[in-house]
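*Asks:* The structure under discussion is supplied below as structure tokens; questions concerning it will follow.
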Amino acid sequence: MKKIYTTLLFLLLACASYGQFSNWIRTYNYPIYRTAVTFSNPLSMNKAGGGVEHRLGNVSYMFSSYLYYSAYPGLMYDLELRKYARKHYRHRTRTKWTYQNFGYVRPLIVGIAGFDSDKLDIVGYTKNIYWYEKGYIGASAGWGRRYTRGMFFWTIKAGARYISFAAAEDPIESEAAQYYKLFYATGPGSVFELNFHFGIQY
């Protein structure tokens, strides 16, 4: 019986997904932009930031900065390179909306991250333990989609990230290593990244 319910649920989700994707058709009429100003993760409670993207055909580069204010407060700067797919898609009924897929790589991520145990007391960390900011470097890569309506846009992207303190000039001391165990599960060191951006393009 459990297998039957699982199969039915999968079929319902598949039908719903097909219905959504079938609303989009390829288009050859779409907005063209050279520069975009982006703002990151408007609903996030952990960070805020943004950047400037410059596009040349189907290739673009973007410089961004982020402020983290969660359990690992600090700053992050990165360079992102994107390669957009050639195809654009337009919504059948909301004809002003188009989207385009892209692959991205962030070959350079640099930042600093401290530690604030007060933000982790919900998972059992002792309060009032702090560690000064440590430098890190890294890179990431993944896939994304850009939705556009005139001069406005929003993007969603997901990928994998690698962050290391070892190559920085000030590596983490052995007595502080225990504080950074969750660094790679949340915040700037998260192995998996999921980001939303919105902004204006011209």
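The values are calculated or read from the model by the stated rules, or taken from the named source; none is laboratory data. Predicted model only: the values in this text are computed from it and were never measured. Because the Cβ atoms are built from the backbone with ideal geometry, glycine has one as well, and the counts that use them run over all protein chains shown. Surface accessibility is based on the protein's heavy atoms, side chains included, excluding ligands, DNA and RNA. Shrake-Rupley method; radii C 1.70, N 1.55, O 1.52, S 1.80 Å.
*Asks:* Take the residues in the range 31-43 that are outside any strand (DSSP E or B) and touching a strand residue (DSSP E or B) at 6+ places or on another chain (Cβ under 8 Å); name whichever of them is farthest from Glu193 (Cα to Cα).
*Replies:* Within the range 31-43, the match that is farthest from Glu193 (Cα to Cα) is Pro31.
*Asks:* Looking at this structure, is Gly189 under 17 Å from Pro73 (Cα atoms), in contact with a Lys or Arg (Cβ under 9 Å, 6 or more places away or on another chain) and open to solvent by less than 20 Å² (accessible area, probe 1.4 Å)?
*Replies:* yes
*Asks:* I would also like to ask the following. Name the strands (runs of 3 or more DSSP E) wholly within the range 50-122 that hold at least 1 residues that are polar (S, T, N, Q)?
*Replies:* 59-68, 98-116
*Asks:* Has the range 1-16 got at least one residue that is at pLDDT 85 or above, loosely packed, with under 15 Cβ neighbours inside 10 Å and aliphatic (A, V, I, L, M)?
*Replies:* no
*Asks:* With part of a strand (DSSP E or B), buried (at least 16 other Cβ atoms within 10 Å of the Cβ) and within 18 Å of the chain's Cα centre (by Cα) as the only criterion, which of Ala158, Ala139 stands out?
*Replies:* Sole residue among the options that is part of a strand (DSSP E or B), buried (at least 16 other Cβ atoms within 10 Å of the Cβ) and within 18 Å of the chain's Cα centre (by Cα): Ala139.
*Asks:* Also, quick follow-up: Here are some conditions: (1) modelled with pLDDT of 90 or more; (2) open to solvent by 60 Å² or more (accessible area, probe 1.4 Å). Gly150 meets all but one. Which one does it not meet?
*Replies:* (2)
*Asks:* Enumerate the pairs (first residue in the range 119-147 and closer than 30 Å to Val59 by Cβ and among the charged types (D, E, K, R); second residue anywhere and open to solvent by 90 Å² or more (accessible area, probe 1.4 Å) and part of a strand (DSSP E or B)) with beta-carbon separation below 9 Å, excluding pairs fewer than 6 apart on the same chain, so at least 6 apart or on different chains.
*Replies:* Pairs found: Arg146/Trp154.
*Asks:* Another one. Pull up the range 77-126, narrow it to residues that are open to solvent by 60 Å² or more (accessible area, probe 1.4 Å) and of a type in the set (S, T, N, Q), then point me to the one that is nearest to the chain's Cα centre (by Cα).
*Replies:* Ranking the candidates gives Thr95 first.
*Asks:* Going through Thr93, Thr98 one at a time, which residue ends up being on the phi < 0 side of the Ramachandran plot, at pLDDT 80 or above, touching a His at 6+ places or on another chain (Cβ under 9 Å) and not aliphatic (A, V, I, L, M)?
*Replies:* Just a single option satisfies the conditions, and that option is Thr98.
*Asks:* Somewhere in the range 171-193, is a residue assigned to a strand (DSSP E or B), free of Cβ contacts under 8 Å to residues at least 40 places away in the same chain and small (Gly, Ala, Ser)?
*Replies:* No; the residues of the range 171-193 include none that is assigned to a strand (DSSP E or B), free of Cβ contacts under 8 Å to residues at least 40 places away in the same chain and small (Gly, Ala, Ser).
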